[in-house]
Every structure is written in structure tokens, then in C-alpha cells.
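My questions all concern the structure below.
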Amino acid sequence: MITAAQLRAARALLGIDQKKLAELSGVSLPTIQRMEASDGNVRGVIETLTKVVEALNEAGVELLGENARSEGAGRGVRLRRPGPPKPTA
């Protein structure tokens, strides 16, 4: 599974826009836009999702699932659950 937030973050890490991701993945721009506008997990045709994930992988982004370990090297981003709120002084 990939979330819309992961998709946007992956593009940001690569410094590419939606149009470029569409070109890299062979998926239409409106499809990329719909994927990124999703709430939570991206829904769509498995083949389309696979194309996008493969394009991101080839470009150098490793998508991590919940509690997954990263086996590769390099920089990355992981969204963690927020901790308890800090008291205000």
C-alpha cells in the first residue's frame, strides 16, 4: 500500500512535479492528481499503482510500509505517529 502523503513526499524528495512523475511512470497526469488527492491509502488499479511505485523506486525512492525496515543506504523520510502532546509553559 502507498498513501497519498507518501506519494507527495516521494515526489518532493526527487524534486519533481506531478507531470514528471506521470511521464516517468507512464500514467496519465489526471491519474497522478487523483492518487495524490486520495484520503489515506491510494486506491486504484493495481497495474497503475505498480507502475508508479516502480518509477519511484527506479528514481531512487524507497517506499516504506508501517513498521518496515529500510535495508538500503541513503537519506529518507518516515512519518511516525505523534507522541503525547508536550505541556505548554
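The values are calculated or read from the model by the stated rules, or taken from the named source; none is laboratory data. Note that this is a predicted model, so its numbers are computed, not measured. A quick note on method: Cβ atoms are made from the backbone with ideal geometry, for glycine too, and the neighbour counts reach across all protein chains shown. Each accessible area value is taken on the protein alone, full model and side chains, heavy atoms only, with ligands, DNA and RNA left out. Shrake-Rupley method; radii C 1.70, N 1.55, O 1.52, S 1.80 Å.
Between a residue in region 44-57 that is touching a residue at least 12 places away in the same chain (Cβ under 8 Å) and farther than 16 Å from Gly15 by Cα and any residue that is part of a helix (DSSP H, G or I) and open to solvent by 80 Å² or more (accessible area, probe 1.4 Å), which pairs come within a Cβ distance under 8 Å, given they are 6 or more apart or on different chains?
These pairs meet every condition: Gly44/Arg34.
Check Ile46 against each of (1) of a type in the set (Val, Ile, Thr); (2) surrounded by 12 or more Cβ atoms within 10 Å (Cβ to Cβ); (3) over 11 Å from Leu7 (Cα atoms) and name the one condition it does not meet.
That leaves (2) as the condition not met.
Scan region 1-19 for residues that are open to solvent by 60 Å² or more (accessible area, probe 1.4 Å) and farther than 25 Å from Asn67 by Cα and jot them down. Lay out the reasoning, then the answer.
Narrowing region 1-19 to residues open to solvent by 60 Å² or more (accessible area, probe 1.4 Å): 1, 8, 12-13, 15, 17, 19.
Across region 1-19, the qualifying residues are Gly15, Asp17, Lys19.
Can you tell me which residue in region 20-43 is least open to solvent (accessible area, probe 1.4 Å), limited to those that are farther than 18 Å from Thr3 by Cβ and touching a residue at least 12 places away in the same chain (Cβ under 8 Å)?
Of region 20-43, the ones farther than 18 Å from Thr3 by Cβ are 20, 22-24, 26, 28-30.
The next check asks that each one be touching a residue at least 12 places away in the same chain (Cβ under 8 Å); those that pass are 24, 26.
Working: Leu24: 88, Gly26: 56 Å².
If we take residues in region 20-43 being farther than 18 Å from Thr3 by Cβ and touching a residue at least 12 places away in the same chain (Cβ under 8 Å), then Gly26 is least open to solvent (accessible area, probe 1.4 Å).
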